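Inspection log for the structure reproduced underneath, given as structure tokens.
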Amino acid sequence: MSDFLLYASVVALFLVCILVVLVILMQRPSANAGMGSALGGGAAETVFGGESANVLSKMTTTLTVILFILSFGLYLGFVAREKTAPKALDAKATAPVAAPAAPAAAPSAPKAPVATPAAPASAAAKPQSTPAPAATTPAKPATPAPAK
């Protein structure tokens, strides 16, 4: 149900955005120029009367406040939804890892200590690298010596 409310709010936010743009474009500047006059000039005055500037500015303010409230509410809603959603990686990381089973030792075999050669500290710090093969020139075929 919360997903439905979130996505319905996204649609409402989209509609409010379109309304804000249209209301701002309907406002007529004082010099009778710009987009307000291009969209019909006195259309807003015909609809809202002689005081259309007050009505349009109040509508702009109201729609802008609604836009910001919806945006912030949607942000909080999607953040809360993200925190409650289970993640596959989290479940895998928190699951106990089973240790591989150790081979069973024969009861009659004596356990002898295994000696491991100690590596020098300097050799352990340096990465092991294989030497690059030396560049070789192809051998020239042997030419027989000229007969005398």
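The values are calculated or read from the model by the stated rules, or taken from the named source; none is laboratory data. If you're wondering where the values come from, they're calculated on a predicted model, not measured in any experiment. Backbone-built Cβ (ideal geometry, glycine too); neighbour counts: all protein chains shown.
Odds and ends about this structure:
- Failed criterion for residue 69 (all others in (1) at pLDDT below 65; (2) assigned to a helix (DSSP H, G or I); (3) among the β-branched types (Val, Ile, Thr) hold): (1)
- One residue stands out in region 13-31 among those that are assigned to a helix (DSSP H, G or I) and farther than 13 Å from residue 64 by Cα: the one that is modelled with the lowest pLDDT, namely 26.
- Close pairs (9 angstrom Cβ cut-off, 6 or more residues apart or separate chains): farther than 15 Å from residue 72 by Cα and free of Cβ contacts under 8 Å to residues at least 12 places away in the same chain in region 1-22, of a type outside the set (Lys, Arg) and surrounded by 11 or more Cβ atoms within 10 Å (Cβ to Cβ) anywhere: 22/39
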